[in-house]
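Q: Provided herewith is a single structure, encoded as structure tokens, for subsequent inquiry.
The values are calculated or read from the model by the stated rules, or taken from the named source; none is laboratory data. The shown structure was predicted, so the numbers you read here are calculated from the model rather than taken from an experiment. Quick reminder, even Gly has a Cβ in these numbers, built from the backbone with ideal geometry, and neighbours come from all protein chains shown. Keep in mind that these areas ignore ligands, DNA and RNA; they rest on the heavy atoms of the full protein, side chains included. Shrake-Rupley method; radii C 1.70, N 1.55, O 1.52, S 1.80 Å.
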Amino acid sequence: MPTRRSFLLLSAGALTAAGLTACSSGVAADSAPGTGGTPRDGGTLTFATDVEPDNFDPHVSPADIVGVLMRNVFDSLVAQREDGGFEPWLAKEWKVSDDGRAYTFRLRDDVRFTDGTPFDAAAVRANFDRVVAPATKSQYAATLIGPYERTDVVDRHTVTVRLKKPYASFLHAVSTTYLGFHSPKALRDRPGELAAGGPASVGTGAFTFVSRVKGQRLVLARNEDYAWAPASARNDGPAHLERLVVTFLPENATRVGSVTSGQADVADALPANRVASLKSQPGLTISGHDSPGIVYSYFLNTGRAPLDRLDARLAVLHAVDTEAITKAVFSGQYRRAWGPLSPSTPGYSAAVENTWKHDPARAGALLDGLGWTGRDSDGYRTKDGRRFRLTLLYVPAYTKPERRTFDTAVQDALKKVGVELVLEPLDAGGYTPVRDRGDYDVIAFAWGGSDPDLLRTVFHSGSQLADGGANGSRLHDPRIDGWLDAATATVSREERWALYAKVQQRVVSQGYALPAFVGTRQLGIRGRAHDVAFDASAWPLFQGAWVDAD
């Protein structure tokens, strides 16, 4: 379970999902090198990525790549800035009720879908109602919209969204691709075609979806009428690019070769072990951005022995040198993690840094104190004739080689203090039921997104795996539940951040998870491509990008 992609793939009811999920906004948070000069209109930019969606409908799919690609087609009510704040997009302004249960949006009156249908309050209602409809079988958007009750059309360009209870992450939710807007005409006339992409995918975005050749590429064309980008966008009019072509190249070598040979202008998901050499490649620039969200972590099952004991969990944390392993496995391109959130996530608490360290002697002392003082013939600790044995479940099909190497390094580190970690492979069909019933000691995954309320998804007692959550530690901590519930109910960002800081610190102090490394999105960009930006979720944006003349 390396990422949210495989977590959702293996979750009950989500076996057909594809791609790594993260919540994307539409604001450029950072610009790739290659900026400067006067933007030129026209030309085609080719973007090579590693994953092809099997469903292009963001209301249905939880896939990261769907969020990335369909951001070009679908706009949102608001846009999220890198600092966690929000600004107008399709909504000119909004007001939150005193009880936090009603959000009233005044919409722009000049927006049209690319099929000519006006964007209005009825379109908002039609889309949000579709997201939560059981027939849609939403794998992420229905959860993201939270305690949605209904949408009231106040007038043609005013809409009030009503919630069953306060939900402070609602603005973040409606900034994402997953709660973007299909044309009501497409929803009515072509509902069966939305998953396939192509001309049936009609939004208000900077590009239109022209065509798709399965297993090879998709083609997007400029929306000539686009004039409603967020204020922070680098380009406030139609896209500079005439066309954006996306090629699907799952093999690292092929994808890297495409950008070094000039077949692609931008290559996504560069392997860390190639970045150093690529930096010296003439005509190529490497641009990286730390991925926000839950870092790749080893979640320790607090629901059964031996990791139901605090000292056993802390022994695991002290036994593993995450800094050295991260540096070795990722060739110095990634950073070790200190807490459950990536530093690029709004609400990250720096107070977790340097609060624990690699200390095998301390790990040994903790295990001694628990009575694991014997040793068997293989050098593993024993107690009452039993070996200190942990199992780490994983699915080979969804575990990249670098993460297998990281897992093996963790296994070696634990062996040095007398703990056996068994890496137990399962197929996708077998993994989910074993995981959901808690028949494991450790599982590992990352969970991307730009809202700290991801901590609720991963650590709240109401987010158990068997219930569709992602509580890999099988945690039932009343303090964490209380802080998370309070954070959801308050609209004060400062108060929310303070509550989330307490959660982060307690996760570490109680050893509920072993934070491993902070992922980084690495793009390879040829010199002819300019102003490819990153949004708040470290996803590439192309509305302001341009290319030199051939």
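Q: How many nm separate the modelled label positions at Val132 and Asp54, each set 7 Å beyond the Cα in the direction of the Cβ?
A: Each label point lies 7 Å from its Cα, and together they span 2.9 nm.
Q: Please check which bits of region 368-386 a label hung off Lys415 would reach, taking the label as a point 7 Å along Cα-to-C-beta and the cut-off as backbone N under 12 Å.
A: 378-380
Q: Something else: Go ahead and estimate [θ] at 222 nm for the chain from helices alone: -39,500 (n - 2.57) per DSSP H run with n ≥ 4, summed, over the residue count, rounded to 500.
A: -7500 deg cm²/dmol
Q: Just report the Cα centroid separation between region 372-418 and region 189-266, whole Å.
A: Rounded to whole Å, the Cα centres lie 44 Å apart.
Q: Provide the gained length on full extension for the span Asp384 to Asp485, in nm with one decimal, where the gain is 0.36 nm per separating residue minus the Cα-Cα distance.
A: 32.2 nm is the gain from fully extending Asp384 to Asp485.
Q: Put a dot 7 Å past each Cα toward the Cβ at Asp467 and Ala122; how far apart are the dots in nm?
A: Using points 7 Å along Cα→Cβ, the separation is 4.0 nm.
Q: Related question: For Glu149 and Arg304, calculate 0.36 nm times their separation in residues minus their Cα-Cα distance, and state this gained length in nm to one decimal.
A: 52.0 nm
Q: Here's something else I'd like to know. At 1.4 Å probe size, put Ser277, Ser473 in order of accessible surface, largest to smallest.
A: From most exposed to least exposed: Ser277, Ser473.
Q: Turning to a different aspect of this structure: What does the extension gain come out to for Val434 and Val213, with contour length at 0.36 nm per residue minus their alpha carbon separation?
A: Details: separation 221, 0.36 × 221 = 79.56 nm, distance 3.70 nm.
Extra length from Val434 to Val213 when fully extended: 75.9 nm.
Q: Continuing with this model, one more query. Please tell me the relative contact order of region 49-194 in percent, rounded to the nearest whole number, where contacts are Cα pairs under 8 Å and at least six residues apart.
A: Relative contact order here is 31 percent.
Q: Mean Kyte-Doolittle hydropathy of 0.5 or higher plus an axial Cα length of 15 Å or more: which whole DSSP H helices in the chain meet both?
A: 121-132
Q: Please work out the FRET efficiency for the pair Lys185 and Arg156, using the Cβ-Cβ distance as r and a Förster radius of 25 Å; give the result to the nearest 0.05.
A: 0.90
Q: Considering only protein heavy atoms and a probe of 1.4 Å, how much of the accessible area of the chain is carbon and sulfur, as a whole percent?
A: 48
Q: Could you tell me which label, among [x] 0.98; [y] 0.95; [z] 1.02, carries the value of Rg/Rh (Cα atoms, Kirkwood Rh) calculated for this structure?
A: [x]
Q: Under 8 Å for C-alpha pairs, at least 6 residues apart: give me the relative contact order for the chain, rounded to a whole percent.
A: Dividing the mean separation by the residue count of the chain yields 23 percent.
Q: What net charge is computed for the residues neighbouring Ser509, neighbours being all others with C-beta under 14 Å from the C-beta of Ser509, Lys and Arg scored +1, Asp and Glu -1?
A: Taking every other residue near Ser509 into account, the sum is +2.
Q: Sticking with this one: If you average the sequence gap of Cα pairs under 8 Å that are 6 or more apart and divide by the length of region 332-414, what percent do you get for the contact order?
A: Answer for region 332-414 is 11 percent.
Q: In addition: Can you list residues whose amide H is under 5 Å from Asn223's amide H, if they're 5+ apart or on another chain and H is modeled 1.01 Å from N?
A: So Asn223 has HN proximity to Phe207, Thr208, Ala239.
Q: Pop a pseudo-label 7 angstrom from the Cα along the beta-carbon direction at both Ala102 and Gln263 and give the gap in nm to one decimal.
A: In this crude spin-label approximation the distance works out to 5.8 nm.
Q: Starting from the Cα of Ser232, step 7 Å toward the Cβ, then list every residue of region 72-108 with an amide N under 12 Å from that point.
A: The answer is 79-89, whose backbone nitrogens lie closer than 12 Å to the label point.
Q: Over the chain, average the accessible area per residue using a 1.4 Å probe and give it in Å², no decimals.
A: 37
Q: I need the calculated FRET efficiency for the pair Arg493 and Glu251, taking r as the beta carbon distance and R₀ as 30 Å, to the nearest 0.05.
A: On the way: r = 43 Å, r/R0 = 1.43.
Efficiency computed from Cβ-Cβ geometry: 0.10.
Q: For region 433-476 and region 63-121, compute the distance between their C-alpha centroids and round to whole Å.
A: 29
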